There are 2 protein chains.
Amino acid sequence: MKIAVDAMGADYGPGPVIEGVVMALSDYPEYEFVLVGHSAKLPFYLEKYGIAGHPRISIVHAETVCEMSEPSTIALRAKKDSSITTCARLLKAKEVDAMVTPGHTGATVAATKVLVRTLPGIDRPALAASLPLKRGGRFILMDAGANTECTPVNIVQFAIMGEVYAQYLFQLETPRVSLLSVGGEDIKGNDLTKESFKLLEQREQLNFVGNVEADVIFEDVADVLVTDGFSGNVMLKGIEGLARSTMYWLKRVLSKNALRLAGAMLAKNAFIELRSLGDADDIGGAPLLGINGICIIGHGSSSPRAVRSAIRVAGECVTFGLNERITARLNATGSNTAELEHELADAKK
Amino acid sequence: MKIAVDAMGADYGPGPVIEGVVMALSDYPEYEFVLVGHSAKLPFYLEKYGIAGHPRISIVHAETVCEMSEPSTIALRAKKDSSITTCARLLKAKEVDAMVTPGHTGATVAATKVLVRTLPGIDRPALAASLPLKRGGRFILMDAGANTECTPVNIVQFAIMGEVYAQYLFQLETPRVSLLSVGGEDIKGNDLTKESFKLLEQREQLNFVGNVEADVIFEDVADVLVTDGFSGNVMLKGIEGLARSTMYWLKRVLSKNALRLAGAMLAKNAFIELRSLGDADDIGGAPLLGINGICIIGHGSSSPRAVRSAIRVAGECVTFGLNERITARLNATGSNTAELEHELADAKK
């Protein structure tokens, strides 16, 4: 198992990433790591974290880094030598089995889509985020933002890819797949959800549980929630924004007087626990599903623990045969792009 | 001022609605109320709340009620005699100045769109929800779900309508208007936001502040946030779902042991305050902007206080001349449907 790790893309530089790699080195004695980044800068960190000259570590030079403020296309234009682009190139050449980056999501999507390409039969890749359920456990949301414009073909393929990922992540045989919409009834929604609904419903092998409204997504109504990348992204980010605001509000109302402050001190661990519900350090990131390789995209501010988890997930996805299973499932359900387009055209006749 | 109140549409029957009307009767000695509902059932409640035979109360009979589980079209098909449809009919006939309903949002949109019609020059109405900002105050989100399919024409008109509503609600002269997107940069977004961005940018009289990503919407970056009704609805409902889950999580982490429970008891009022941040009882509901009349849609589980607020907002919107101002602003910015369509066609040449 050889994993390329983008060592430069994180918000706080190589430190937390290298620390995560150090953890993974001892977790997985059979894994090899290709650290991608500036060859003049990385040795300092390897030295610092005590893994200089480690037999399972190698460095591949990347001259630049895609900054968060830069457009996604930068990875393919002005910064073809970025750490993200270099990781994608290694993945394409099959020099590594998987890549992990805590870098620019859009740039990673762009670079892998163009360089690594999608799996045969898949039109577009999708980002699979996972969110906590109210009563424990998690669910998968996809597309969380890889595609701003989607077709029913994409939605169905997101459902198939999400199903296989849920089989891995939740160890479920037949994960429940749902469609995000504005009403529980089949007849509600927009043109995209209505057309997608019909296609999903026709796939009898899929455990499709129908439309789900956004206010019940935390109630364990489905294991996979599919939607277009625009809606998925605004919902996910709206939720992130509220979570941050809520922690702020909680702090404010608790510090209003001495009595409340005393109470807050006593219950301190409860708030630490509440905050930790939000972080996904044990998953480490969102896989970009549908490309011809395994790619895990972590948060820019990933902790070392999150990096370690992302590496674990990347390795496990390879071992699980995630992409082979997606391809098999795509064929079994007649969900290759050409098949779906044919079905759509037939329905319109 | 004469206001039609849908007395039957709320989740818990006429009680809370009539209680809200009782409050409004004393708040606004010049307002008259037309209670719309079953004429055999309402007198019981008027008696109960001590307003039977009140000189400023009249009843208009409506045989049926649109249930929340029924499709929106019910108001125009099987239940043309519903309380919502009857309110819309009174508004259309100008027998009332405004209508307030705590009933079925979709049914209200359908009934008013068809019966009351849109304002001249407006293509589609939009639901204007308001959400709390992190550091106090609120912002307006529209469309919160009246339209599942939108065009750039609709988005621009939502911006104009939202601007005027913000002038009323926040007493601002030039509210900041923003466009919900998946990236801060102009070039990001989907086809709809890209086209809408150009049109909004060209309206120099509009204080358009550009794209806003959903994770910063609580940070006071804009007074009005416009988007299509599908994205707006899934974001709003996702946020509502998280808010509910968070209160559940908070309770769970606080009741884990005796120490935390003791702390929670001491700080009890803080949690009550936190919960109250979420309710919008002082606004009472979301106006449906763009129809040729004033219509406020409250929550199905509106408290009497929320009903009172909805009545206040309805009356104030009439006095403010909300619709006259929308029409004037539409003309001043060249944003009538025909003008916008022309501009779009020109841009595509």
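The values are calculated or read from the model by the stated rules, or taken from the named source; none is laboratory data. Since the model is a prediction, treat every value here as computed from it, not as a measurement. Using ideal geometry, Cβ is built from the backbone for each residue, glycine included, and neighbour counts are taken over all protein chains shown. The area values use the complete protein model at the heavy-atom level, side chains included, leaving out ligands, DNA and RNA. Shrake-Rupley method; radii C 1.70, N 1.55, O 1.52, S 1.80 Å.
Can we say B:N233 is crowded, with 22+ Cβ neighbours inside 10 Å and within 24 Å of A:E213 (Cα to Cα)?
For B:N233, the condition - crowded, with 22+ Cβ neighbours inside 10 Å and within 24 Å of A:E213 (Cα to Cα) - is met.
Can you run down the residue pairs with Cβ atoms below 7 Å, 6 or more apart or on separate chains, where the first is in the range A:149-161 and closer than 24 Å to A:L172 by Cα and the partner is open to solvent by 10 Å² or more (accessible area, probe 1.4 Å) and among the basic types (K, R)?
What qualifies is A:N154/A:R124; A:I160/A:R329.
Go through the range B:42-82 and give me each residue that's basic (K, R) and surrounded by 13 or more Cβ atoms within 10 Å (Cβ to Cβ).
B:K48, B:R56, B:K79, B:K80
Among the residues in the range A:193-208, are any touching a Lys or Arg at 6+ places or on another chain (Cβ under 6 Å), within 25 Å of B:G229 (Cα to Cα) and either at the interface with chain B (Cβ under 7 Å from one of its Cβ atoms) or not β-branched (V, I, T) (or both)?
Scanning the range A:193-208, I find no residue that is touching a Lys or Arg at 6+ places or on another chain (Cβ under 6 Å), within 25 Å of B:G229 (Cα to Cα) and either at the interface with chain B (Cβ under 7 Å from one of its Cβ atoms) or not β-branched (V, I, T) (or both), so the answer is no.
Report, by residue number, each residue of the range A:292-349 that is within 30 Å of A:D27 (Cβ to Cβ) and polar (S, T, N, Q).
Across the range A:292-349, the qualifying residues are A:N292, A:S301, A:S302, A:S303, A:S309, A:T319, A:N323, A:T327.
Anything in the range B:323-341 that is of a type in the set (A, V, I, L, M) and either free of Cβ contacts under 8 Å to residues at least 60 places away in the same chain or surrounded by 21 or more Cβ atoms within 10 Å (Cβ to Cβ) (or both)? List them, or say none.
B:I326, B:A328, B:L330, B:L340
Out of the range B:131-143, which residues are in contact with a Leu (Cβ under 9 Å, 6 or more places away or on another chain) and surrounded by fewer than 24 Cβ atoms within 10 Å (Cβ to Cβ)?
Correct list: B:L131, B:P132, B:R138.
Restricting to the range A:171-220, name every residue that is assigned to a strand (DSSP E or B) and not polar (S, T, N, Q).
A:V177, A:L179, A:L180, A:F208, A:V209, A:G210, A:V212, A:E213 - these are the residues of the range A:171-220 that are assigned to a strand (DSSP E or B) and not polar (S, T, N, Q).
Could you list, in sequence order, all residues of the range B:1-45 that are closer than 20 Å to B:T86 by Cβ and β-branched (V, I, T)?
B:I3, B:V5, B:V17, B:I18, B:V21, B:V34, B:V36
Which one is farthest from the other protein chains (Cβ to nearest Cβ) among residues in the range B:257-312 that are in a loop (DSSP other than H, G, I, E, B) and open to solvent by 40 Å² or more (accessible area, probe 1.4 Å)?
The extreme case among them is B:N292.
So in the range A:236-255, with the set limited to residues that are more than 7 Å from chain B (Cβ to nearest Cβ) and either surrounded by fewer than 21 Cβ atoms within 10 Å (Cβ to Cβ) or in a loop (DSSP other than H, G, I, E, B) (or both), which one is nearest to the chain's Cα centre (by Cα)?
If we take residues in the range A:236-255 being more than 7 Å from chain B (Cβ to nearest Cβ) and either surrounded by fewer than 21 Cβ atoms within 10 Å (Cβ to Cβ) or in a loop (DSSP other than H, G, I, E, B) (or both), then A:R244 is nearest to the chain's Cα centre (by Cα).
Kindly indicate the residue of the range A:101-117 that is of a type outside the set (A, V, I, L, M, F, W, C) and open to solvent by 40 Å² or more (accessible area, probe 1.4 Å) and also nearest to A:G20 (Cα to Cα) among those meeting that condition.
The qualifying residue nearest to A:G20 (Cα to Cα) is A:T105.
Restricting attention to the range A:218-233, and to residues there that are touching a Leu at 6+ places or on another chain (Cβ under 6 Å) and more than 17 Å from A:P287 (Cα to Cα), which single residue is nearest to the other protein chains (Cβ to nearest Cβ)?
Within the range A:218-233, the match that is nearest to the other protein chains (Cβ to nearest Cβ) is A:F218.
Considering only the range A:53-80, state which residues are out of contact with any Asp or Glu (no Cβ under 9 Å at 6 or more places or on another chain) and at pLDDT 95 or above.
Matches in the range A:53-80: A:H54, A:I59.
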